[in-house]
Amino acid sequence: MPSLKEFRVRIASVQSTKKITSAMKMVAASKLRRAQEAAEAARPYAERMERMLGNLAGAAQGRADALPLLAGTGKDDVHLIVVMTANRGLAGGFNSNIIRSARGLVRELLERGKTVKILAVGRKGRDAMRRDYRDLIVGEMIEFGKKTAVFSEAQDVATKVVDMFNAGAFDVATMVYARFKSAITQVVTRQQLIPFPVPQATGGSADAVVYNYEPSDQEILAELLPRNLAIQIFRAQLENGASFFGAQMAAMDSATRNAGEMINKLTLNYNRQRQAMITKELIEIISGAEAI
């Protein structure tokens with residue numbers, strides 16, 4: 001049985017930990033509100049950009065002059081997986097869920113005989129994927145979103161992906177990130193970036209809306225497809241940010257409650273030990289007095 005001093009030291013240590021987790025929970029809650037607003041504000045623009053490009057891509061699909069970002073290489077042999085995680089931990093299963101989904105995708109592709117390449121965006125994803133698939137990592141961007149989400153960083157990632165595609169480094173690119181749903185729920189999402197996924201209902205549906213574009217649809221696609229890639233990456237960055245703070249707030253709330261329960265349990269054991277020592281001393285005093 002630990003001594004009273006050891007109990008006091010452990011109680012003080014857990015109390016300090018509780019103060020830290022409580023403070024981290026409050027910080028995450030304050031940052032979550034701003035991150036959630038930013039993620040929700042970015043969704044309409046990104047979704048309508050996809051919808052408009054889907055209409056354009058549906059009309060251009062199958063044409064001989066279709067752009068490479070739209071038509072792809074015509075093959076499905078080499079896959080690039082963009083794994084987007086946070087640079088920090090202490091956020092429950094946020095990072096591990098994204099990494100688990102990315103690992104599952106890598107295994108699926110390797111089992112089908114595909115060649116897989118990994119672009120790690122975020123320190124946690126880089127470190128985790130290195131342990132299992134070090135040889136598959138072709139790039140890492142661990143400074144991405146280190147302080148706050150900025151569009152220029154998303155453009156840098158998009159430029160790197162497009163440059164790799166133009167160099168013939170891969171055929172299909174897929175991004176893995178966490179979509180924010182609520183403070184306690186984040187949905188791991190796999191989104192195909194290249195070639196641009198054309199909605200099935202857009203291509204040949206009878207009720208599809210027909211638009212006339214000026215300049216031509218090919219010129220518009222040539223300008224907007226690379227921009228849309230950066231927008232989708234930026235949207236994923238915002239979704240990841242909100243998901244991270246939501247997961248961290250929930251994790252720190254759970255840690256704070258667990259610390260409180262541990263303090264109560266240690267305090268109870270401390271009082272029992274103290275009472276036992278007092279009872280023992282009284283028995284010794286009484287026994288000594290009777291012996292005299």
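Structure notes:
- Evaluated against (1) modelled with pLDDT of 90 or more; (2) under 26 Å from the mean Cα position of the chain (by Cα), residue 113 falls short on exactly one condition, (2).
- Residue selected from the range 220-242 under the condition touching a helix residue (DSSP H, G or I) at 6+ places or on another chain (Cβ under 6 Å) and of a type in the set (Gly, Ala, Ser), by the criterion nearest to residue 162 (Cα to Cα): 230
- Here residue 149 clears all of (1) within 30 Å of residue 254 (Cα to Cα); (2) modelled with pLDDT of 90 or more except the condition numbered (2).
- Note on the range 23-39: residues that are in contact (Cβ under 8 Å) with a residue 24 or more places away in the chain and within 20 Å of residue 233 (Cβ to Cβ) amount to 4.
- Top-ranked residue in the range 149-188 [being touching a helix residue (DSSP H, G or I) at 6+ places or on another chain (Cβ under 8 Å) and assigned to a loop (DSSP other than H, G, I, E, B); ranked as most open to solvent (accessible area, probe 1.4 Å)]: 184
- Pairs with Cβ under 8 Å, 6+ apart, first in the range 263-292 and open to solvent by less than 100 Å² (accessible area, probe 1.4 Å), second at pLDDT below 85 and in a helix (DSSP H, G or I): 266/7; 269/7; 270/4; 270/7; 273/4; 273/7; 277/4
- Count of the range 75-134 residues, restricted to those that are free of Cβ contacts under 8 Å to residues at least 24 places away in the same chain and assigned to a strand (DSSP E or B), is 0.
- When the range 91-105 is filtered for residues that are touching a helix residue (DSSP H, G or I) at 6+ places or on another chain (Cβ under 6 Å) and among the hydrophobic types (A, V, I, L, M, F, W, C), the ones remaining, listed by number, are 91, 94, 99.
- Within the range 157-186, tally of residues that are closer than 20 Å to residue 108 by Cα and within 22 Å of the chain's Cα centre (by Cα): 7
- Looking only at the range 15-28, residues that are among the hydrophobic types (A, V, I, L, M, F, W, C) and surrounded by fewer than 17 Cβ atoms within 10 Å (Cβ to Cβ) come to 4 in all.
- Against the list (1) small (Gly, Ala, Ser); (2) open to solvent by less than 60 Å² (accessible area, probe 1.4 Å); (3) at positive phi, the condition residue 101 fails is (3).
- Restricting the first member to the range 1-22 and to residues that are within 23 Å of residue 251 (Cβ to Cβ), and the second to residues that are at pLDDT below 90 and surrounded by fewer than 16 Cβ atoms within 10 Å (Cβ to Cβ), the beta-carbon pairs closer than 8 Å and six or more apart or on different chains are 10/2.
The values are calculated or read from the model by the stated rules, or taken from the named source; none is laboratory data. Only a predicted model underlies this, so the values are computations on that prediction, with no experimental measurement involved. All Cβ positions, even for glycine, are placed from backbone atoms using ideal geometry, and neighbour counts span all protein chains on display. Areas reflect the complete protein model, heavy atoms only, side chains present, ligands, DNA and RNA absent. Shrake-Rupley method; radii C 1.70, N 1.55, O 1.52, S 1.80 Å.
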